[in-house]
Amino acid sequence: MSDLQRDDERELVERAKRDPRQFGALYDRHFQQIYRFVYSRVREQTAAEDVTSEIFMKALKAMPRYQDTGRPFAAWLYQISVNAIADRYRTLRPSSPLEDFHNLSIAEPPLEEQAAHRDEIRRIWALVEALPVQQKTALVLKFQEDMKIEDIAVAMGKTAGAVKLLIHRGVSRLRDEADSLRPAE
Amino acid sequence: MSMQHDPDLDDVLQDQELRRVAALLREARMTEPPLDDAFRSALRRQLMNQAWGMSGGGVPWWRKVFGPTGMVWATATVGVILIGVVVVLTNINQPGSSDQVVVTSPISNQSAVRLQQPIQVTFNQPMDHPSTEAAVQIAPATTVAFSWHENTLSVTPTAGNLAPNTQYQVTIGPGAKTAAGQSLTAPKTITFVTQPPPSPSPSPTPIASPTPRGVLTNQHLLASIPDGITAVLWSPDSSTVYYITGKGALESVPQGGGSATILAADGVSSLAIDAAGDQLAYIRKGNIVILAITAGTTIEVVPTSAPVLVGWTTGGVEWTTADGVYAIGPGGQGKIAPLPATGTVTAISFAPDGAHLAYTQDQSLDVLDLGTGKTIVLGLSGARFLGWSPDGTGIMYSSAQGVVLADLGGRNTTSLPAGEPSWSTQDEVLLGSDVNLFEMRPDASGQTKLAEGTYHLPEWAPNGVAFTYFRGGELFTASAPAPAPPLTSPLDAASSVVNTFMKARKDNPDRANAYLDDNGRKAYSSATSGLNLQVTGDPSFSRYYLLTGEITGSHPDTAQFVVRIVLEHNNIDVKTFEETLTLVRTQGSQQFLVDQATAGPVLSLGTTAEVVSVDFTATSVKVTFDSDLKPETVTAGVIILDSKGKQIGNAPVYSKRTVTIDGLDLKAGKGYKLVVLSTVQDVSGNNIAAEYDLAFSGPSDTHGDRHRDTSPSPSPQPSPSASPSS
């Protein structure tokens, strides 16, 4: 996010803090991103809609208390999202397999290598799902949502160092459990 | 495999294998999840409603007092001229002050202010122009120009006109100074409401009838039937006439002329044709015969007891016996409704749709609803059944004075002169007799003598043009002249009912019930509909106006209106909601009644732009706002969607508070949606409070005029576009 975009977002946030009716602009800006993230975690449209509604409703109600820590507003929305999804997971599990959700088409030929590569990605993401929740969340926010460590820390309510540790442990565990991912010598 | 470098992870993933795994994770890009745009919009609306509720405590007092954008109180009274003599004096300083600055405005508190005029504010002493102009605030947001004449300030919208149906609030803020340099100590507001918009287009000018009234055409003999006839029946396509002779023969003859065909030589006593015109059913020798007209084949149904009368429903053939009404169901023959077991009961006629049966019980004429089993009595003792309306919602019977037309509840009766009647699909009634033939509308208006002479048993063809009559042992056909145009178009008639209904809701809700049919009454009494016939509480019902109105169907005439209801608190518009009303006019009811109603959410009125009218033709849609808009926000913010959700039409063009989308090809009866996104901003940069959606149907080509004749209208039609309220 450029400085200009950041200033623009700060202005939107300040307006929404003063007048909740201005929250619509923030909703318009972040809906797609949050919905996509939620859907990737709950994997069912109705559930994704329920959770997304809950997230934005909580965000709206909490706007007057929002404190600008210098991180993107989205990091705060992700924090609410992570908690809402965790609440959901206590009673429900995703209904669709992960590989149905990721676009595994790889641009480079040849075809046989592409197929093998797709298979690697599919299997490694399947392993992500089996990781402990904290490691899984950190990896999803980092590699799927492409967030910065500091923003993930906000979203997960942890320090940046703790997030790095989670990512390191998660990726190391994937490496250990996925010997077959190594390319043939 | 490429490995995207992420400095974030440099100190986390130092091992080459770990970086490789990370690269694999990053390579899987998410596909777009399924997303329902309706959910996205609905959630936004929900959030905005919640936000409005939250903002109530945080709005400065002056915004609460002066802020709400007005949706108006309209009066359509033509010729209301601004009352210039009413001057409201407002004292800016405290009473008794020695330096009182008095402001007058001829339009303060007026409720039908013309759209084409400046807002004049007169001060009782010279003012400092720059500070006074800077202190003027106008809601809704309007770009204005100022001019002075002595101590009078004219505030003119640069768009030219004021917005219609809008409550304006012009505030002179405390920053205004007198020429002597004295600041005002408190703001003061002038409030007024503008009149409805002018009619977008006059009613279509009727085309002169090609056929002079009072002359029958295409008269010719169909068949010589010296034994007389007991029944005449037209095919649905109006090409063939079927009849039963006095000797019980069933014959047919082409309407255009030709020899008669004998379908059954004798013994036929009742006749009916199915809706498609493929099959005839008749009673012969105690059985029901079903004749496939094209193939000429017959099948016979043997009832368990002697049939008296035969008819068709959508489900097949039905008939009466001495004890009830029967039909063939999945399990074979079965009784679908009993007939009275006492007195002398005679089945007379099935309604055209097969859903009702007229019968007599001794001297009483009754109608039996075959769906509910309920019976109503028509007229006085001795009343005779004379016929149905073609849609089966109206019935004709005799009275001492002549012919009575009524709906199937026995209400909405109209008396016509005595005669032998036939009711057409075009809502014309023929009255035949020994000496002449008259034509008139079901409300008894437009009575015209078509011919002198004997015209017995007139029977309209389904096309509403040709008819048969019997004279001297011969069956004739002729074409009637086109009927006179209706006094009011269907849209005007429906508009009138909506206005009367809404006024009654405001002033006398009990009376409003008279404008509801059974479905409408259910809609307003349902606990789940959110509809209340009587709008009570605080804020209170201030006014209403018609946002849109259109004819959406014919046979029966159907109209749909969107009515905006404005609620006020302390004379300030504070909330609004819309109701969508569907009105139906059957041939039986003879007037539009509210058949369906739905209510939208109650929205708080703020300082943001509001839609005040929507006008559409087959090729364009015009959306008028109460505020000046930022044109650059309109292009992507106002869209028309077809029934599949696809955006249609050219890019919106904005001018003078009106957004026009051309290049449309709206089909009559097809569903469309106008969407005004919340990204649209007024000139002050305020987004509209919530996305605005309006569902509508493509306009009818005929403007709802179902009459084939279009002779000149006697007077200009009133505008259907706006409504008065009180």
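Summary of values
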| read-out | value |
| --- | --- |
| Neighbour-count ranking [beta-carbon atoms within 10 angstrom, fewest first] of A:Glu14, B:Glu150 | B:Glu150, A:Glu14 |
| Share of Cα-Cα pairs in segment B:501-592 lying beyond 19 Å, as whole percent | 45 percent |
| Pairwise Cα inverse-distance average, inverted: Kirkwood Rh of segment B:228-338 (Å) | 14.3 Å |
| D_trans [Stokes-Einstein, Kirkwood Rh over alpha-carbon pairs] for segment B:96-165, 4 °C, 1.567 mPa s, µm² s⁻¹ | 98 µm²/s |
| Rounded, prolate or oblate (a/c below 1.5 giving rounded, otherwise prolate when a/b exceeds b/c) for segment B:562-604 by Cα gyration tensor | prolate |
| Label-point gap, in nm, between B:Glu452 and B:Glu32 - each point 7 angstrom along Cα→Cβ | 7.8 nm |
| Using a Förster distance of 45 Å, the FRET efficiency for B:Asn287-B:Ser445 (Cβ separation, nearest 0.05) | 0.45 |
| Estimated distance in nm for a label pair at B:Ser684 and A:Ala86, the labels positioned 7 Å out from Cα along Cα-to-Cβ | 4.3 nm |
| Likely footprinting exposure, B:His569, A:His117, fewest C-beta neighbours within 10 Å first | B:His569, A:His117 |
| Averaged over B:44-54, number of beta-carbon atoms from partner chains that fall within 10 Å | 5 |
| Entries of B:Lys575/B:Lys622; B:Lys506/B:Lys646; B:Lys622/B:Lys646 with Cα pairs more than 28 Å apart | B:Lys506/B:Lys646 |
| Ratio Rg/Rh, restricted to segment B:646-689 and using Cα atoms, in which Rh is the Kirkwood radius | 1.03 |
| Contour minus Cα-Cα distance for B:Lys646 and B:Val435 (0.36 nm per residue) | 69.8 nm |
| Segment A:34-81-segment B:508-572 distance, computed between alpha-carbon centres (Å) | 39 Å |
| Segment B:490-697 - convex hull of alpha carbons, volume per residue in Å³ | 124 Å³ |
| 10 Å Cβ neighbours from other chains, averaged over peptide B:14-24 | 6 |
| Theoretical gain in end-to-end length, A:Lys17 to A:Leu165 [0.36 nm per residue, Cα-Cα removed] | 49.8 nm |
| If the convex hull is drawn through the Cα atoms of segment A:1-96, its volume per residue in Å³ | 91 Å³ |
| Cα pair distances of segment B:278-378 binned at 10 Å [whole percent] | 15, 49, 28, 7, 0 |
| Signed unit charges on C-beta, dipole axis of segment B:228-338, positive-most listed residue B:Val302, B:Ile336, B:Ala260 | B:Val302 |
| Segment B:344-358 - phi-based ³J(HN,Hα) in whole Hz, Karplus 6.51/-1.76/1.60, Gly and Pro as x | 9, 10, 10, 6, 10, 6, 7, 5, x, 8, x, 8, 9, 10, 8 |
| Given B:Lys630/B:Lys673; B:Lys247/B:Lys449; A:Lys61/B:Lys503, the pairs whose alpha carbons are separated by over 29 Å | B:Lys247/B:Lys449; A:Lys61/B:Lys503 |
| Exposure proxy order (Cβ contacts within 10 Å, fewest to most) of B:Arg114, A:Arg71 | B:Arg114, A:Arg71 |
| All lysines inside 29 Å of B:Lys177 as judged from Cα atoms, apart from same-chain residues fewer than 8 positions distant | B:Lys64, B:Lys188 |
| Approximate spin-label separation B:His220-B:Ala159, in nm, with each point projected 7 Å along Cα-to-Cβ | 6.2 nm |
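Coordinate-derived values only; no laboratory data. Predicted model only: the values in this text are computed from it and were never measured. Cβ coordinates were reconstructed from backbone atoms using ideal geometry, including for glycine residues, and neighbour counts include every protein chain displayed.
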